[in-house]
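Asks: Can you keep this structure in mind? I'll have questions shortly.
The values are calculated or read from the model by the stated rules, or taken from the named source; none is laboratory data. Bear in mind that the values here come from a model prediction, so they are computed numbers and not experimental data. Cβ placement follows ideal geometry from the backbone for every residue including glycine, while neighbour counts extend to all protein chains displayed. To get the accessible areas, we keep the full protein, side chains included, count just its heavy atoms, and leave off ligands, DNA and RNA. Shrake-Rupley method; radii C 1.70, N 1.55, O 1.52, S 1.80 Å.
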Amino acid sequence: WQAMEALGKMGAEAVKPLVSVLGRNDKGVKWWSAAALERVGACAVESLIGALGDGSWEVRQQAIEVLGTLGGRRAIEPLVAALGDGNSGVRGRAAAALEKLGWVAPHDRQRILYTTVLAAWKEQHAVGRPADEPLCSDGSDEHKGLPGPVKERMGIFTDSQSVG
């Protein structure tokens, strides 16, 4: 955490190394790198938007978390696109970030998608810690015995509020 905090104080030159560790398995590293990116501020936005195309759902989720705080108007279009992500956790976090940014869907189709994803995310997020293990997964065989609706919504809980 001290290394991440030091990087956060460096400014723009620290953005690339901080974004590169968003997908690490260590939840602490992910959380501290996201916090350091928030500290870096607006100069991290473009790199975070670029991270939305990463192959790792964990990287995309963490990038969205930070964009919800820093992104402003520049992040709206990429976050709207993330509502269609293949990972339900990414979709849910995108909807929550858009809500945080005060976005209002301009079209019925976007409004329906946004409100549906946001409602599902809020419902799952409200469950909290008891849902951590089955819902933090990427949908791999580790949890293949879970009911379909749970598997569909896996990946929602990987933030500092839900991970114990």
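Asks: FRET efficiency for Asp108 and Arg73, Cβ-Cβ distance as r, R0 = 35 Å, nearest 0.05?
Replies: Numbers: r = 22 Å, r/R0 = 0.63.
Efficiency computed from Cβ-Cβ geometry: 0.95.
Asks: If DNA, RNA and ligands are ignored and the probe is 1.4 Å, what is the ranking of Ile64, Ile112 by accessible area, most exposed first? Walk me through the numbers on the way to the answer.
Replies: Working: Ile64 0, Ile112 110 Å².
Result of the area sort, largest leading: Ile112, Ile64.
Asks: To continue, here is another question. How large is the accessible surface of Lys122 in square angstrom, using a 1.4 angstrom probe and rounding to the nearest 10?
Replies: For Lys122, the solvent-accessible surface is approximately 90 Å².
Asks: Given R₀ = 45 Å, FRET efficiency for Ala6-Thr115 by Cβ-Cβ distance, to 0.05? Walk me through the numbers on the way to the answer.
Replies: On the way: r = 41 Å, r/R0 = 0.91.
Computed FRET efficiency for Ala6 and Thr115: 0.65.
Asks: If packing is taken as the average count of other Cβ atoms within 10 Å, what order do 23-29, 73-79, 47-53 fall into, highest mean first?
Replies: 47-53, 73-79, 23-29
Asks: Within 14 Å, Cβ to Cβ, of Cys43, how many net charges do the neighbouring residues add up to if Lys/Arg are +1 and Asp/Glu are -1?
Replies: Working: positive: Lys9, Lys16, Arg39, Arg74; negative: Glu13, Glu38, Glu46.
Here the charged neighbours net out to +1.
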